[in-house]
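For reference, the structure discussed in these notes is given below.
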Amino acid sequence: AWVEGYEAVRQVMERAGFPPAIVLRPMRLGHFGVLRMITTFDRSNAAEVASVRRMNEALCDAIVPLGFVPYKTPPWVVRRFEDRIHPGFRLLLRKIKDAMDPKHVLNPGKWMLE
């Protein structure tokens with residue numbers, strides 16, 4: 001889905017008014033890879049921050065159905081796609097987190113496990 005992913009990302013970024021700075025990087029001889037979008041904006045400008053947030057939501061909506069998985073998934077992405085997350089996957093994450101972090105101090109709120 002590299003071509004479809006790139007094209008979807010390019011279109012979303014252009015519609016949002018941002019230049020499409022996109023990195024496609026195969027890793028481990030193409031076994032998996034990275035599709036990364038680079039956005040520069042003024043974090044002190046609330047309107048620009050809101051625009052980037054809307055664009056990021058649109059980017060996720062465009063590429064998750066193609067099989068892409070957001071890296072370092074923020075909680076808002078998990079909430080946005082909660083209905084698509086297999087309950088068994090969530091249970092596995094819960095068991096791993098309980099085993100590795102029994103006091104729940106690492107990354108609270110990630111994957112909505114708390």
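If you go through the range 16-31 one residue at a time, do you hit one that is part of a helix (DSSP H, G or I) and either of a type outside the set (Gly, Ala, Ser) or touching a helix residue (DSSP H, G or I) at 6+ places or on another chain (Cβ under 7 Å) (or both)?
Within the range 16-31, one or more residues are part of a helix (DSSP H, G or I) and either of a type outside the set (Gly, Ala, Ser) or touching a helix residue (DSSP H, G or I) at 6+ places or on another chain (Cβ under 7 Å) (or both).
Among the residues that make up the range 43-59, is at least one of them closer than 18 Å to Lys110 by Cβ and either open to solvent by 60 Å² or more (accessible area, probe 1.4 Å) or free of Cβ contacts under 8 Å to residues at least 60 places away in the same chain (or both)? Step through it out loud before you land on a result.
Of the range 43-59, the ones closer than 18 Å to Lys110 by Cβ are 56.
From the residues that got through so far, the ones that are either open to solvent by 60 Å² or more (accessible area, probe 1.4 Å) or free of Cβ contacts under 8 Å to residues at least 60 places away in the same chain (or both) too are 56.
Taking every residue of the range 43-59 in turn, at least one turns out to be closer than 18 Å to Lys110 by Cβ and either open to solvent by 60 Å² or more (accessible area, probe 1.4 Å) or free of Cβ contacts under 8 Å to residues at least 60 places away in the same chain (or both).
Output the residues belonging to the range 76-108 that are exposed (fewer than 11 other Cβ atoms within 10 Å of the Cβ) and outside any helix (DSSP H, G or I).
Matches in the range 76-108: His86, Pro102, Lys103, Val105, Leu106, Pro108.
Does Arg15 meet the test of being touching a residue at least 40 places away in the same chain (Cβ under 8 Å) and over 15 Å from the mean Cα position of the chain (by Cα)?
Criteria met by Arg15.
Conditions first: (1) part of a strand (DSSP E or B); (2) surrounded by 13 or more Cβ atoms within 10 Å (Cβ to Cβ). Arg36 passes all but one, so which condition is the exception?
(2)
Restricting the search to the range 70-114, which residues are within 11 Å of the chain's Cα centre (by Cα) and basic (Lys, Arg)?
Matches in the range 70-114: Lys72, Arg80.
Any idea how many residues of the range 1-15 are of a type in the set (Gly, Ala, Ser) and either open to solvent by 60 Å² or more (accessible area, probe 1.4 Å) or part of a loop (DSSP other than H, G, I, E, B) (or both)?
The number of residues fulfilling the criteria is 1.
From the residues in the range 39-69 that are assigned to a loop (DSSP other than H, G, I, E, B) and under 13 Å from the mean Cα position of the chain (by Cα), which one is modelled with the lowest pLDDT?
Among those that are assigned to a loop (DSSP other than H, G, I, E, B) and under 13 Å from the mean Cα position of the chain (by Cα), it is Val69.
Do we find that Lys72 is outside any helix (DSSP H, G or I), free of Cβ contacts under 8 Å to residues at least 12 places away in the same chain, within 24 Å of Glu4 (Cβ to Cβ) and not hydrophobic (A, V, I, L, M, F, W, C) in this structure? Give the derivation first.
Details: outside any helix (DSSP H, G or I): yes; free of Cβ contacts under 8 Å to residues at least 12 places away in the same chain: yes; within 24 Å of Glu4 (Cβ to Cβ): yes; not hydrophobic (A, V, I, L, M, F, W, C): yes.
Considered against the rule, which asks whether it is outside any helix (DSSP H, G or I), free of Cβ contacts under 8 Å to residues at least 12 places away in the same chain, within 24 Å of Glu4 (Cβ to Cβ) and not hydrophobic (A, V, I, L, M, F, W, C), Lys72 comes out as yes.
The values are calculated or read from the model by the stated rules, or taken from the named source; none is laboratory data. Please read all numbers here as calculations on a predicted model, not as lab measurements. So basically every Cβ, Gly included, is an ideal-geometry build from the backbone, and we count neighbours across all protein chains shown. Ligands, DNA and RNA are stripped out before the accessible areas are found, and what is left, the full protein with its side chains, is counted by its heavy atoms. Shrake-Rupley method; radii C 1.70, N 1.55, O 1.52, S 1.80 Å.
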